[in-house]
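For reference, the structure discussed in these notes is given below.
The values are calculated or read from the model by the stated rules, or taken from the named source; none is laboratory data. For clarity, every value in this text was computed on a predicted model and none was experimentally measured. Because the Cβ atoms are built from the backbone with ideal geometry, glycine has one as well, and the counts that use them run over all protein chains shown. What goes into the accessible areas is simple: the full protein's heavy atoms, side chains included, and nothing from ligands, DNA or RNA. Shrake-Rupley method; radii C 1.70, N 1.55, O 1.52, S 1.80 Å.
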Amino acid sequence: MSLSTKISRRLLLTGGATVATAPMLLHPEEGYAQTTLPLPADVFRLGVASGDPLPDAVVLWTRLAPEPLTGGGMPARNVPVEWEIAEDERFTRRRRTGVAPARPELAHSVHVDVRGLRPDTAYFYRFRTGGQISPVGRTRTAPSRAARPRALRFAFASCQDYQAGFYTAYQHLAAEDLAFVAFLGDYIYEGPRNASAARQHEGTGEPYTLEQYRNRHGQYKTDPDLQAAHAAFPWIVTFDDHEVDNNWADETPQDPALQTPEAFRARRIAAFQAYYEHMPLRRSSLPRRLDLQLYRRFRYGSLAGVHVLDTRQYRSDQPATLADAQHPALTMTGPQQEKWLVDGLQHSGTRWNVLANQVMWAQNDRQAGPGQTFDFDNWDGYRAQRRRLLEFFGSGRVDNPVVLTGDRHCTWVSDLRPDFDDVSSPIVGAEITGTSITSGGNANPASFHATYDPIMAESPHWRYIDNQRGYVVCDLSRTEMVSSLRLVDTVWAPTAAVRTEARFTVEAGRPGIADVFVAPAPPPAARPAGPTFDTQDDQGVLPPRR
Ligand SMILES: [Fe+2]
């Protein structure tokens, strides 16, 4: 038995203690540091995170990686990591403690599924190993299933291309008062280093191997603003395409001519493993070969159900034409997930049903005039299934569905109808597509509106559009859901100001967007001048397909 194993066993005996008088974990000066092999400095360089909150449980995460851009820098052995969770920041009211192994086969990541917590309660947590102590994170459990909360506030975010800019939005998001953050995809981007971008990706090309994906995730996680946002709230994450490969669909890569099926499967396995290693996911999401269980549900008492979708892993390949997009066999979710979604929506028992979704549901024509141009990577390419689900929204069997969406690098607030081309088709729900953290870089609203305002005039289901950077804060009550668009004035400088640009109200019992409030425009001087950068935005170019 190794020394570290002895330590693990001994400390595990104290794990699960529930009272404040539980013995203190060993301090570094009490011998823990002397009984483990020395570790490199700065093992907690990637910070801490928590996620997937339940009424009695939350996942705590860290990864020991003193050299995150070059393989991690840890010795190739298991390292015991102490963890503790308390109801106060000074850790005097400690509630649970334990030791978890950081294993080299999972890049020395640690995922602790802490159980036995109190519902709807704030907690503080930290990790310790080899005489080093992590930053303190704050998290929060969900209310009990039977609870009837009067209010819930959370935020959602997506698309944080490191090269597109600084995470100024997260500086402000971290200061909000939130129950959780829903992240809707594009946590990393797989693109190669771009010397003309605001910041540069590590490496020399796109990641393909496990080590390359680890380095890319490691680089993103070094960002202090992202770390602060993780340390402030539990996150509920899902992925989109760029965590693996642009526009991948199940086992089909973006460019099948360049990646063999075998090579892409190996790439997907590597990308999934690195994703799990860097996210505060429960062990039920540990990848098994090609699969990673990511669609799942959360509940905030009787107020809100959060249905987290996975629209990449089980989808049919994108159609090539509008005629193909009508094919009834095309699926965005796969049949199993669709059944899970419909069952869950129908029996949620919650006032609101929030879908944490990746790509846009609302029809998104990109051409003014009689012609239409669609991006078939979003639900516009999977029309039969979309119509089936939207008719279900309108069937009276699901209470107040609201779809929250990433991917588009714009804010796009829409009424949802089973048939978007027919104004007599009933409004059955609302979609709030929420900007991006950085992707797209600093926007040019004038050229955006010059392109899209004429199309908006032909798209009555669009209620608000904008192309600037930020995130969305959602306030739910029994009677309404108010979503506030929070915009930063730049992502091309390390700090920025934030403002509430607009608010979108959905009323319970009345499908669609009830009200759009737009704040008065800030004075031009409030928008800082500065250098401009290349963004290589995959949403910036109209797709050639019709
Ligand atoms: Fe994106």
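Pairs are defined by a Cβ separation below 7 Å, a sequence spacing of at least 6 or placement on different chains, a first member in segment 41-68 that is over 19 Å from ARG128 (Cβ atoms), and a second member that is surrounded by fewer than 21 Cβ atoms within 10 Å (Cβ to Cβ) and of a type in the set (Asp, Glu); the pairs so defined are ALA57/ASP113. Among the residues of segment 421-448, just one is buried (at least 18 other Cβ atoms within 10 Å of the Cβ) and of a type in the set (Asp, Glu), namely GLU431.
Picking from ARG296, ARG283, ARG268, ARG289, which residue would you name as being of a type in the set (Lys, Arg), out of contact with any Gly (no Cβ under 8 Å at 6 or more places or on another chain) and crowded, with 23+ Cβ neighbours inside 10 Å? Quick ask: steps written out before the conclusion?
Numbers: ARG296 fails: crowded, with 23+ Cβ neighbours inside 10 Å; ARG283 fails: crowded, with 23+ Cβ neighbours inside 10 Å; ARG289 fails: crowded, with 23+ Cβ neighbours inside 10 Å.
Only one candidate passes the filter, namely ARG268.
I'd like to check something: does segment 312-319 contain any residue that is touching a His at 6+ places or on another chain (Cβ under 6 Å) and modelled with pLDDT of 95 or more? Before you say what the answer is, go through the steps one by one.
Step one: of segment 312-319, the residues touching a His at 6+ places or on another chain (Cβ under 6 Å) are none.
Within segment 312-319, not a single residue is touching a His at 6+ places or on another chain (Cβ under 6 Å) and modelled with pLDDT of 95 or more.
Criterion applied to ALA271, ALA323, ALA356 was being of a type in the set (A, V, I, L, M) and touching a helix residue (DSSP H, G or I) at 6+ places or on another chain (Cβ under 7 Å), and the one residue passing it is ALA271. For the criterion of being modelled with pLDDT of 95 or more, assigned to a strand (DSSP E or B), in contact with a strand residue (DSSP E or B) (Cβ under 7 Å, 6 or more places away or on another chain) and open to solvent by 10 Å² or more (accessible area, probe 1.4 Å), VAL482 passes.
Count, please, the residues in segment 467-479 that happen to be surrounded by 21 or more Cβ atoms within 10 Å (Cβ to Cβ) and more than 18 Å from ALA229 (Cβ to Cβ).
Residues that pass the stated criteria total 3.
Please go through segment 392-421 and pick out each residue that is of a type in the set (Ser, Thr, Tyr) and not in a loop (DSSP other than H, G, I, E, B).
THR405, THR411, SER414, listed by residue number.
Out of segment 397-416, which residues are within 16 Å of the ligand (Cβ to nearest atom) and either outside the structural domain of ILE437 (by TED's automatic domain parsing) or of a type outside the set (S, T, N, Q) (or both)? Of everything in segment 397-416, those that are within 16 Å of the ligand (Cβ to nearest atom) and either outside the structural domain of ILE437 (by TED's automatic domain parsing) or of a type outside the set (S, T, N, Q) (or both) turn out to be LEU404, GLY406, ASP407, ARG408, HIS409, CYS410, TRP412. Looking at ASP375, is it part of a loop (DSSP other than H, G, I, E, B), under 20 Å from PHE239 (Cα atoms) and either assigned by TED's automatic domain parsing to the domain that holds VAL237 or at pLDDT 95 or above (or both)? For ASP375, the condition - part of a loop (DSSP other than H, G, I, E, B), under 20 Å from PHE239 (Cα atoms) and either assigned by TED's automatic domain parsing to the domain that holds VAL237 or at pLDDT 95 or above (or both) - is met.
With more than 29 Å from GLY434 (Cα to Cα) and of a type outside the set (A, V, I, L, M, F, W, C) as the only criterion, which of ARG138, ARG153, ARG145, ARG115 stands out? It would help to see each step written out before you state the result.
Values: ARG138 fails: more than 29 Å from GLY434 (Cα to Cα); ARG153 fails: more than 29 Å from GLY434 (Cα to Cα); ARG145 fails: more than 29 Å from GLY434 (Cα to Cα).
Within the list ARG138, ARG153, ARG145, ARG115, the selection yields ARG115.
Scanning segment 213-252 for residues that are closer than 30 Å to PHE124 by Cβ, among the aliphatic types (A, V, I, L, M) and either within 16 Å of the ligand (Cβ to nearest atom) or surrounded by 20 or more Cβ atoms within 10 Å (Cβ to Cβ) (or both) yields LEU226, ALA229, ALA231, ALA232, ILE236, VAL237.
Rundown of residues vs (1) away from the ligand (no atom under 15 Å from the Cβ); (2) outside any loop (DSSP other than H, G, I, E, B); (3) open to solvent by less than 20 Å² (accessible area, probe 1.4 Å), yes/no style:
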site: PHE166; (1), (2), (3): yes, no, no
site: ILE188; (1), (2), (3): no, no, yes
site: GLN200; (1), (2), (3): yes, no, no
site: PRO207; (1), (2), (3): yes, no, yes
site: GLU211; (1), (2), (3): yes, yes, no
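For THR435, state whether it is within 16 Å of the ligand (Cβ to nearest atom), of a type in the set (Ser, Thr, Tyr) and touching a residue at least 24 places away in the same chain (Cβ under 8 Å). Criteria met by THR435.
For every residue, the table says whether it meets (1) touching a strand residue (DSSP E or B) at 6+ places or on another chain (Cβ under 9 Å); (2) assigned by TED's automatic domain parsing to the domain that holds TYR300; (3) surrounded by fewer than 24 Cβ atoms within 10 Å (Cβ to Cβ).
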{"position": "ASP88", "(1), (2), (3)": "yes, no, yes"}
{"position": "ARG93", "(1), (2), (3)": "yes, no, yes"}
{"position": "ARG103", "(1), (2), (3)": "yes, no, yes"}
{"position": "LEU106", "(1), (2), (3)": "yes, no, yes"}
{"position": "ARG115", "(1), (2), (3)": "yes, no, yes"}
{"position": "PHE124", "(1), (2), (3)": "yes, no, yes"}
{"position": "ARG128", "(1), (2), (3)": "yes, no, yes"}
{"position": "GLN132", "(1), (2), (3)": "no, no, yes"}
{"position": "ALA157", "(1), (2), (3)": "yes, yes, no"}
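Checked against the criterion of being within 16 Å of the ligand (Cβ to nearest atom), crowded, with 20+ Cβ neighbours inside 10 Å and not β-branched (Val, Ile, Thr), segment 171-180 contains not a single residue that satisfies it. For the residues THR451, THR490, the requirement of being modelled with pLDDT of 95 or more, out of contact with any strand residue (DSSP E or B) (no Cβ under 6 Å at 6 or more places or on another chain) and open to solvent by 50 Å² or more (accessible area, probe 1.4 Å) singles out THR451.
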